[in-house]
C-alpha cells in the first residue's frame, strides 16, 4: 500500500478534498483498473493486489495518472494550484 496526499496549495497545505474524490471516482469507475483506492479528505491509499502482473500494474498507474491529469486540468480552470502533470516534485 502507498498513499498520495492531494493539496491545492503546497504552501498552505489546503486539502484538495473535491479533487481527491473526483480522482478516486474516475479510477474506481474504470472497469479495467487493477488498483483499489481508499481515501480520506485529501489522501488516496493505493492498494495493489499481490498477484498483480507488471502489465496490470502499469495499466493501473496509467489510469491513475490520467485521472489526476483530468482533475488537474479541471482545477487549473478554477482557483486551484495543482502543479502540472509530470512536474518534478521534490
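The values are calculated or read from the model by the stated rules, or taken from the named source; none is laboratory data. The shown structure was predicted, so the numbers you read here are calculated from the model rather than taken from an experiment. Heads up, the Cβs are rebuilt from the backbone with ideal geometry, glycines too, and the neighbour counts pull from every protein chain shown.
Could you tell me which residue of the stretch 61-90 is modelled with the lowest pLDDT, considering only residues that are part of a helix (DSSP H, G or I) and more than 12 Å from the chain's Cα centre (by Cα)? So that I can check it myself, show each step before the final result.
Looking only at the stretch 61-90, we keep the residues that are part of a helix (DSSP H, G or I), and these are 61-76.
Checking the rest, the ones that are also more than 12 Å from the chain's Cα centre (by Cα) come to 73-76.
Numbers: 73: 82, 74: 78, 75: 70, 76: 67.
So the residue we want is 76.
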Tally of residues being surrounded by fewer than 19 Cβ atoms within 10 Å (Cβ to Cβ), in contact (Cβ under 8 Å) with a residue 24 or more places away in the chain and out of contact with any helix residue (DSSP H, G or I) (no Cβ under 7 Å at 6 or more places or on another chain) across the stretch 11-23: 2
Considering only residues that are at pLDDT below 85 and in a strand (DSSP E or B), look in the stretch 13-37 and name the one that is farthest from residue 58 (Cα to Cα). 37
